[in-house]
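Trainee: Before we start, here is the structure in question, set down as structure tokens.
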Amino acid sequence: MHEMGIMKSVVSIVAEHAKAQKVKRVLLEVGKLSAVMPDALHFCFDVIAKGTVLEGAKLEIIEVIGQAKCRACGQEVELHQIVTACACGSRDLERLSGAELNIKEMELEAA
Ligand SMILES: [Zn+2]
């Protein structure tokens, strides 16, 4: 389960920025093509956050649809899954986004 490794780095990055302050909320942006399960992320977050400044923090996940450009006709295509064809029938797509995982926001508990 690679969510565990992803969450470990997310928690350590957030903890570093929090500088020992309690974290209240973390907002993650996850690309639909990143092959990461949001449920698994929630589970891993609870496990890894234990005993850190992130313990008890709320994890929010936004799923982002992927975008690609068709090399045959130049149209932009929305990617809901990894294998998609353009409306013109071409599968020669250049992926623009959809596999990212970003920490969008973090909210610290007011001192
Ligand atoms: Zn096309």
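The values are calculated or read from the model by the stated rules, or taken from the named source; none is laboratory data. From a predicted model like this one, the values you see are computed outputs, not experimental measurements. So basically every Cβ, Gly included, is an ideal-geometry build from the backbone, and we count neighbours across all protein chains shown.
Trainee: Restricting attention to the stretch 62-73, does a residue exist that is at pLDDT 90 or above, within 16 Å of I103 (Cα to Cα) and in contact with a helix residue (DSSP H, G or I) (Cβ under 6 Å, 6 or more places away or on another chain)?
Mentor: So far as the stretch 62-73 goes, no, none of its residues is at pLDDT 90 or above, within 16 Å of I103 (Cα to Cα) and in contact with a helix residue (DSSP H, G or I) (Cβ under 6 Å, 6 or more places away or on another chain).
Trainee: Now, a different point. Residue check: is G66 surrounded by 15 or more Cβ atoms within 10 Å (Cβ to Cβ), within 16 Å of the ligand (Cβ to nearest atom) and under 14 Å from the mean Cα position of the chain (by Cα)?
Mentor: Details: surrounded by 15 or more Cβ atoms within 10 Å (Cβ to Cβ): yes; within 16 Å of the ligand (Cβ to nearest atom): yes; under 14 Å from the mean Cα position of the chain (by Cα): yes.
It is true that G66 is surrounded by 15 or more Cβ atoms within 10 Å (Cβ to Cβ), within 16 Å of the ligand (Cβ to nearest atom) and under 14 Å from the mean Cα position of the chain (by Cα).
Trainee: Quick check on my filter: what residues within the stretch 20-38 are at pLDDT 95 or above, surrounded by fewer than 20 Cβ atoms within 10 Å (Cβ to Cβ) and farther than 13 Å from I103 by Cα?
Mentor: Across the stretch 20-38, the qualifying residues are Q21, K22, K24.
Trainee: Could you list, in sequence order, the residues of the stretch 45-54 that are farther than 18 Å from G31 by Cα and either surrounded by 13 or more Cβ atoms within 10 Å (Cβ to Cβ) or within 16 Å of the ligand (Cβ to nearest atom) (or both)?
Mentor: D46, I48, A49, T52, V53, L54
Trainee: Looking at this structure, is Q81 over 20 Å from M4 (Cα atoms), more than 10 Å from the ligand (Cβ to nearest atom), outside any loop (DSSP other than H, G, I, E, B) and polar (S, T, N, Q)?
Mentor: So Q81 fails the test.
Trainee: For the stretch 84-109, give me each residue that is away from the ligand (no atom under 15 Å from the Cβ) and either in a loop (DSSP other than H, G, I, E, B) or under 16 Å from V30 (Cβ atoms) (or both).
Mentor: Passing the criteria: S97, G98, A99, E100, L101, N102, I103, K104, E105, M106, E109.
Trainee: All but one of (1) surrounded by 14 or more Cβ atoms within 10 Å (Cβ to Cβ); (2) within 14 Å of the ligand (Cβ to nearest atom) hold for E76, so report the exception by its number.
Mentor: Among (1) surrounded by 14 or more Cβ atoms within 10 Å (Cβ to Cβ); (2) within 14 Å of the ligand (Cβ to nearest atom), the lone unmet condition for E76 is (1).
Trainee: For I61, work out the one condition from (1) of a type outside the set (G, A, S); (2) out of contact with any Cys (no Cβ under 7 Å at 6 or more places or on another chain); (3) in a loop (DSSP other than H, G, I, E, B) it doesn't fulfil.
Mentor: Here I61 meets the rest and fails (3).
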